Amino acid sequence: MNATIRKAGANDMAQVLRLIKELAIYEKEPDAVEVTVDDLIAYGTGDDAQFTCFVAEEGTDILGIALVYYRFSTWKGRTVHLEDLIVRQEHRGKGLGMALYTEVIKYTYELGLKRVEWVVLDWNKSAVDFYEASGANVMQEWNTVQMDAEAMKAFLAKKGLI
């Protein structure tokens, strides 16, 4: 692996978005990505950045990313959430995923935080195996719960709040 792992900047966000869209296709949700390059720049750079993105770069090509942000746990305090760990399909199996993953773990540890967490699809056996082999606890008894904008609007309308 000849890639360099570093924090992403504004100029990287077009390539970051391409990788996010590639992941959406892999996860069978090709039309789900609504975020834009401008969103990534606005929320991922500057003094008030809402997330940190690490990139695996070879030359001028970004081959993988790990995007993280802070969460607050009522049990642990401030934690890091790994939103996505993505390596371009043709570059998988070369150590890039492990290098990005290691950077996230190191980042969290050096901040003195007590936990890093993420979600993995149960059908993505290679990812589950990858995480379990690293010592992570894949908690199968927990379910991810989400409510999209349409469902929020319907809920609030039903309550007479909008």
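Quick note: the coordinates plus some simple rules give every number you see, no bench work behind them. Owing to the predicted nature of the structure, the values given are computational and were not obtained by experimental measurement. Neighbour counts run over all protein chains shown; Cβ positions are idealised from the backbone, glycine included.
Here are the numbers:
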quantity: Descending Cα extents along the principal axes, the stretch 72-162, whole Å; calculated: 53, 34, 24
quantity: Extension reserve of the E22-Q50 stretch, reckoned as 0.36 nm per residue once the Cα distance is removed; calculated: 7.9 nm
quantity: Gain in span if fully extended, K159 to E83, counting 0.36 nm per residue against the direct Cα distance; calculated: 24.2 nm
quantity: Convex hull (Cα only) mean projected area of the chain, reported in nm² to one decimal; calculated: 11.7
quantity: Where labels lie 7 Å past Cα in the beta-carbon direction, separation of E150 and W123 in nm; calculated: 2.0
quantity: Simple spin-label estimate for E141 and E90 in nanometres, 7 Å along Cα-Cβ; calculated: 4.5
quantity: Computed [θ] at 222 nm, deg cm²/dmol, the chain (DSSP H ≥ 4; -39,500 (n - 2.57); rounded to nearest 500); calculated: -10500 deg cm²/dmol
quantity: Cβ-placed point charges (K, R +1; D, E -1), dipole of the stretch 4-118 about Cα centre in debye, nearest 20; calculated: 620
quantity: Within straight-line cross-link reach of K153, aspartates and glutamates at Cα separation under 20 Å, skipping those fewer than 8 residues along the same chain; calculated: E34
quantity: Top of T52, T60, T36 by mean-square fluctuation, Gaussian network on the chain, Cα under 10 Å; calculated: T60
quantity: Rel. contact order, % - alpha carbon contacts under 8 angstrom, at least six apart, the stretch 4-118; calculated: 24
